[in-house]
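The values are calculated or read from the model by the stated rules, or taken from the named source; none is laboratory data. As the structure is a prediction and not an experimental result, all values here were calculated from the model. Cβ atoms come from the backbone with ideal geometry, glycine included; neighbour counts cover every protein chain shown.
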Amino acid sequence: MSRRRHVAAGAAAAAALLLAAIAHAGALTSGSDSLRTAVAHQTERRVARAGLGPVTGEIYASAHATTIGGYGELLVQRPDARREDGAPTAQPDGIDVMRQVVVLGHRFGRTLILNSALALEHVGAQDAPPTTLDFETTDPARAGSVAFDFAYLEWAPRPALGARAGLLLVPLGLRNEHNEPTVTIGARPPGVERFVIPTVWSGSGAGLAGAGGPGLTWRAYVMEGLDAAGFTSEGAIRGGRQTPSDQRFEHPAFTGRLDWRGLSWLMLGGSGFAGDAWQRPQPGGATLRSQVTVYDVHGTIDWRGFAARGLYAEGRLDQAQQLSDVLGQAGVERLGEHFFGSYVEGDVDVLGLLRPGAGWQLKPAARFEEYDTQDGVITGIDDPTHHHTVVTAGLAVAPHPDLILKVDREWRHSEARNETRQWDLAFGYQF
């Protein structure tokens with residue numbers, strides 16, 4: 001064979017090898033892309049199933065076996081000197097490191113997850129009989145506490161389905177499962193999600209969490225019920241949340257949630273809770289079955305820097321008058337058969353719209369809400385003090401995605417005209 005033929009044959013062989021290598025590399029790239037897409041889809045379904053915020057649900061999105069994170073907030077409140085009726089206010093100025101939450105998650109193999117959040121409230125701990133704290137309001141006399149918001153073990157045989165058991169967050173409203181200050185609107189939560197839906201609300205129990213269909217996610221639990229001995233006309237069912245160290249499981253409750261996110265910028269859903277709240281021995285001469293039913297419908301919009309939230313919630317308390325008799329509540333302290341509330345709120349990242357990629361966020365925000373913790377009093381006095389209307393307007397500045405400073409003005413009104421307007425300043429962080 002001539003030298004020229006040898007060169008031609010060698011060139012043809014080299015070209016064939018090069019084409020085979022390119023084809024093989026393309027197959028590997030295509031296979032790798034398909035694998036990455038499948039992994040991303042599974043992660044997305046795990047995160048959707050979790051139903052938690054970016055910090056509390058980090059273990060579902062992370063590739064690491066162990067995750068440690070947290071968030072916290074400091075609140076300063078300055079009420080006006082006079083109430084809306086002109087009388088001097090009795091409310092003092094307040095400053096409080098409200099919460100520091102430490103979130104720990106761990107994955108045992110491919111199907112078992114441990115997730116927990118330990119909350120330090122009001123910067124301290126107490127060695128005293130258990131109490132239920134209201135972390136959203138500043139009280140200089142209130143002692144601090146250390147308690148779990150949630151701590152559960154989940155077995156997930158598939159990315160879209162998990163079985164949970166332990167201390168679980170009640171899946172109601174828009175705030176109870178998404179409480180990080182960097183993702184919430186306003187320096188303080190709306191009163192609707194403090195009293196009608198008493199955030200933070202958790203209880204021991206077990207149930208299922210899933211994701212499937214066209215953007216559907218759901219959760220369904222059996223868990224401890226409320227303790228009706230703590231119900232009041234001012235706080236509705238808020239005082240009935242049980243503490244992890246002193247739980248009564250005489251009558252369990254049922255709770256569930258269904259959300260639809262068929263569009264990337266829109267979420268619509270509803271949730272409910274029902275259970276007998278009388279957890280103590282029956283009083284002499286009476287049979288109490290204080291059934292509590294709470295439900296809400298809600299929706300969110302997140303579109304090009306604009307965010308909006310809306311919720312309506314309503315609760316019903318059976319045998320409210322008999323329960324008031326047993327608890328010794330008279331006059332304006334009598335419990336109502338209903339409690340309800342609604343709010344709509346929104347903010348817009350104007351800096352992101354004017355200077356995309358600026359890194360900072362500047363977000364004017366506003367909220368309107370109305371709620372009543374004592375409605376439908378049959379024998380007693382329906383206290384107009386408990387029917388509230390609140391308009392809030394403010395500004396949030398975020399120099400970093402994990403840091404935020406919020407300044408709000410609250411115009412508060414009650415039917416008794418005894419509310420006090422106030423300024424709120426909050427600093428929040430997450431890591």
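In region 398-411, is there at least one residue being among the small types (Gly, Ala, Ser), in a strand (DSSP E or B) and out of contact with any His (no Cβ under 9 Å at 6 or more places or on another chain)? Show your work before the answer.
Looking only at region 398-411, we keep the residues that are among the small types (Gly, Ala, Ser), and these are 398.
In the following step, the residues that additionally are in a strand (DSSP E or B) were identified as 398.
Checking which are out of contact with any His (no Cβ under 9 Å at 6 or more places or on another chain) leaves us with 398.
Yes, because at least one residue in region 398-411 is among the small types (Gly, Ala, Ser), in a strand (DSSP E or B) and out of contact with any His (no Cβ under 9 Å at 6 or more places or on another chain).
Taken together, the criteria exclude TYR60 from residues that are under 27 Å from the mean Cα position of the chain (by Cα), of a type in the set (Phe, Trp, Tyr) and within 22 Å of ALA147 (Cβ to Cβ).
If the condition is being over 23 Å from the mean Cα position of the chain (by Cα) and either crowded, with 18+ Cβ neighbours inside 10 Å or assigned to a strand (DSSP E or B) (or both), then region 63-94 contributes ARG78, PRO79, ARG82, ARG83, PRO88, GLY94.
Considered as a group, the residues in region 67-99 that are in contact with a Leu (Cβ under 6 Å, 6 or more places away or on another chain) and modelled with pLDDT under 95 include one that is farthest from ALA160 (Cα to Cα), and that residue is ASP96. Residues of region 377-400 that are of a type in the set (Ser, Thr, Tyr) and surrounded by fewer than 19 Cβ atoms within 10 Å (Cβ to Cβ): THR379, THR385, THR389.
Set side by side, the residues GLN322, GLN374 differ, and just one is assigned to a strand (DSSP E or B), out of contact with any strand residue (DSSP E or B) (no Cβ under 6 Å at 6 or more places or on another chain) and buried (at least 17 other Cβ atoms within 10 Å of the Cβ), which is GLN374.
Taking region 157-168 as the range and being closer than 18 Å to LEU104 by Cα, crowded, with 21+ Cβ neighbours inside 10 Å and small (Gly, Ala, Ser) as the test, no residue passes.
In region 224-263, what count of residues is obtained for those that are of a type outside the set (Ser, Thr, Tyr), in a strand (DSSP E or B) and surrounded by fewer than 21 Cβ atoms within 10 Å (Cβ to Cβ)? Number of matching residues: 8. Would you confirm whether or not region 330-340 contains a residue that is in a strand (DSSP E or B) and within 19 Å of the chain's Cα centre (by Cα)? Within region 330-340 (the criterion being in a strand (DSSP E or B) and within 19 Å of the chain's Cα centre (by Cα)), the answer is yes, since at least one residue qualifies. Hey, can you tell me all the residues within region 276-319 that are part of a strand (DSSP E or B) and small (Gly, Ala, Ser)? Within region 276-319, GLY299, ALA307, ALA308, GLY310, ALA313, GLY315 qualify.
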